[in-house]
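Quick notes on the structure that follows.
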2 protein chains.
Amino acid sequence: MPNPKPGAPVRGSTTGRPLMAALDLFGRRWSLRILWELRSGPLGFRPLQRQCDDMSSSVMRQRLAELLEAHVVHQLPDSRYELTPLGRDACLALGPLAQWSERWAAVLDPQPAHRNSDQPTDRTSHPDTAGDGTLQPGSAG
Amino acid sequence: MPNPKPGAPVRGSTTGRPLMAALDLFGRRWSLRILWELRSGPLGFRPLQRQCDDMSSSVMRQRLAELLEAHVVHQLPDSRYELTPLGRDACLALGPLAQWSERWAAVLDPQPAHRNSDQPTDRTSHPDTAGDGTLQPGSAG
DNA sequence: GGCGACCGCTTCGGAAAACGAAACGAAGGG
DNA sequence: CCCTTCGTTTCGTTTTCCGAAGCGGTCGCC
């Protein structure tokens, strides 16, 4: 199982298109999060782990190895992890996503300051697939 | 385990910060890919599956259900899947990432004109990107 | 020098997620 | 009717993730 890398076939793509490789690399659990948490400076292994809500160290090591190989992250002499310039760019590319997430939150959970207009509920299909999934975002903390 | 949703605790984050929820939602296999493949218009289940390199139907259905619940994707009366306006925004937020991936490819495997390279991958042009990485979220809508 | 508290990192067993192929009923064309 | 395609579900297998414990090492402290 090769790590995703542009120019090499990645999971689900034999073309090796860069974006597909990036989607594979970042479409792994905690990849984006690690990137995000490193955005404000280098961090050691355990501090980074804590910053990532105590994710499992085994997975973190694996993600870190992938990110190191992808030259998105590098390791300082004191063994801390730091974004490479390329990694910082990737982090910048995450900016729009962060902005979007705010909009997303607003749409899913409109602030009940003025309960006049409801969201356009176009849920035509969804008969009984979920059952246990509470879909209404009404109780935001 | 509930689907990621801003305002609710998601995997690895008790804060419910929108970005963390988004990172959880999109940090699942094929999520980003599905979003990406829908960018140029609505697709039916099997066509979308083929577009996603024949990913497993079970996982696709699950991702689709999550995306539907997140109001990122909705289903047309003819049962095709289409990005919501919110989903199109998310796709736009992916634009910088697509641009980044091109830079990433260049850094990992520089292909200078005067230098021999043994990369067997055709990366000269891709229908998915507009050459310079400028992405059009599709004229659908 | 011994002790406890961190550190980066690995190992391992169990849980969850992804996979992939088969199958279902419905719709459409010949 | 037959054959294909469709959306979707089911199920057994493989992969990934998790999470806690443990390794050797360094540091401050007494």
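Go through segment A:48-82 and report how many residues are more than 24 Å from B:Asp109 (Cα to Cα), more than 13 Å from chain B (Cβ to nearest Cβ), within 11 Å of DNA strand C (Cβ to nearest atom) and open to solvent by 60 Å² or more (accessible area, probe 1.4 Å).
The total comes to 5.
For residues in segment A:44-103 being in contact with a strand residue (DSSP E or B) (Cβ under 7 Å, 6 or more places away or on another chain) and charged (D, E, K, R), which is nearest to DNA strand D (Cβ to nearest atom)?
So, considering only residues that are in contact with a strand residue (DSSP E or B) (Cβ under 7 Å, 6 or more places away or on another chain) and charged (D, E, K, R), the one nearest to DNA strand D (Cβ to nearest atom) is A:Asp53.
Please go through segment B:40-60 and pick out each residue that is farther than 20 Å from A:Pro4 by Cβ and in contact (Cβ under 8 Å) with a residue 12 or more places away in the chain.
Here is the first cut: in segment B:40-60, the ones farther than 20 Å from A:Pro4 by Cβ are B:40-50, B:57-58.
Within segment B:40-60, B:Ser40, B:Gly41, B:Pro42, B:Leu43, B:Gly44, B:Phe45, B:Leu48, B:Ser57 meet the criteria.
Check B:Arg39, B:Arg11 and return the single one that is under 30 Å from A:Asp89 (Cα atoms), buried (at least 17 other Cβ atoms within 10 Å of the Cβ) and modelled with pLDDT under 90. Step through it out loud before you land on a result.
Working: B:Arg39 fails: modelled with pLDDT under 90.
From the options B:Arg39, B:Arg11, the qualifying one is B:Arg11.
Quick check on my filter: what residues within segment B:23-47 are farther than 23 Å from A:Ala105 by Cα and out of contact with any helix residue (DSSP H, G or I) (no Cβ under 6 Å at 6 or more places or on another chain)?
Within segment B:23-47, the subset farther than 23 Å from A:Ala105 by Cα is B:37, B:40-47.
Residues satisfying the conditions are B:Ser40, B:Gly41, B:Pro42, B:Leu43, B:Gly44, B:Phe45, B:Arg46, B:Pro47.
All but one of (1) within 14 Å of DNA strand C (Cβ to nearest atom); (2) more than 8 Å from chain B (Cβ to nearest Cβ); (3) out of contact with any Phe, Trp or Tyr (no Cβ under 6 Å at 6 or more places or on another chain) hold for A:Leu35; state the number of the condition that does not hold.
(1)
The values are calculated or read from the model by the stated rules, or taken from the named source; none is laboratory data. Just so it is clear, the model here is predicted, and its values are computed rather than measured. Quick reminder, even Gly has a Cβ in these numbers, built from the backbone with ideal geometry, and neighbours come from all protein chains shown. The area values use the complete protein model at the heavy-atom level, side chains included, leaving out ligands, DNA and RNA. Shrake-Rupley method; radii C 1.70, N 1.55, O 1.52, S 1.80 Å.
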